[in-house]
Amino acid sequence: MNIVLDLFLTFAKIGLFTFGGGYAMISLIEDSCVEKKQWITHDEMMNVTVIAESTPGPIAINCATFVGYKQKGLTGAVAATIGMVLPSFCIIFLISMFLDNFLEIAWIAHAFMGIRIAVGILILDAALKMIKKMQKKPMPLTIMICAFVSMLAIDVFALRVSSITLMLIAAVISLSIFLIRQNTGKAGAAK
């Protein structure tokens, strides 16, 4: 199959059948792009997830754009991005045209309660896969545990701290440790 069409159809399927936003889609993107199609490696998926989280725009769209670009340049990036966006756009457009009080329909409201649980499971699945494949070195494990404990404390005590702030703190700590190690290595080599 033409790779551009394959990119479009793969991401259209992910965009059509995934509820709950980008985090819920990560598991499906990884399954399609890493496991089945082998368009990117798991390490690239981890890097893409981190980069997509820290750049403007929805994480799933950023992931689709990266995978498309890696496979077929700008044409692939456009095809994958449109594939990811088009199903959601069409569904929301149709809902807005025909149903003024969409979520007030009892059976739809109940369906969405069940969907929320499934979304939580998809997000947990993506997180567990990343943790399993993460480097088991002391610094990444320490940062992960500290971030988890921080997010749990923030949630339990209903504090207003952005997850972006935690990511920036983790980045500064990691960069500081890298620079310290690099400088002590140079000092040791100079002696």
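For segment 45-98, filtering for residues that are within 19 Å of LEU5 (Cβ to Cβ), surrounded by fewer than 16 Cβ atoms within 10 Å (Cβ to Cβ) and among the hydroxyl-bearing types (Ser, Thr, Tyr) leaves 1.
For segment 125-154, residues that are exposed (fewer than 13 other Cβ atoms within 10 Å of the Cβ) and over 29 Å from ARG181 (Cα atoms) total 3. Checked against (1) outside the structural domain of SER54 (by TED's automatic domain parsing); (2) in a helix (DSSP H, G or I), ARG160 passes all but a single condition, namely (2). Quick one: is VAL119 touching a Gly at 6+ places or on another chain (Cβ under 8 Å) and assigned to a helix (DSSP H, G or I)? When the stated conditions are applied, VAL119 passes them.
The values are calculated or read from the model by the stated rules, or taken from the named source; none is laboratory data. What you see is a predicted model; the values in this text were computed from it and never measured. Neighbour counts are summed over all protein chains in view; Cβ atoms, including those assigned to glycine, are modelled from backbone coordinates with ideal geometry.
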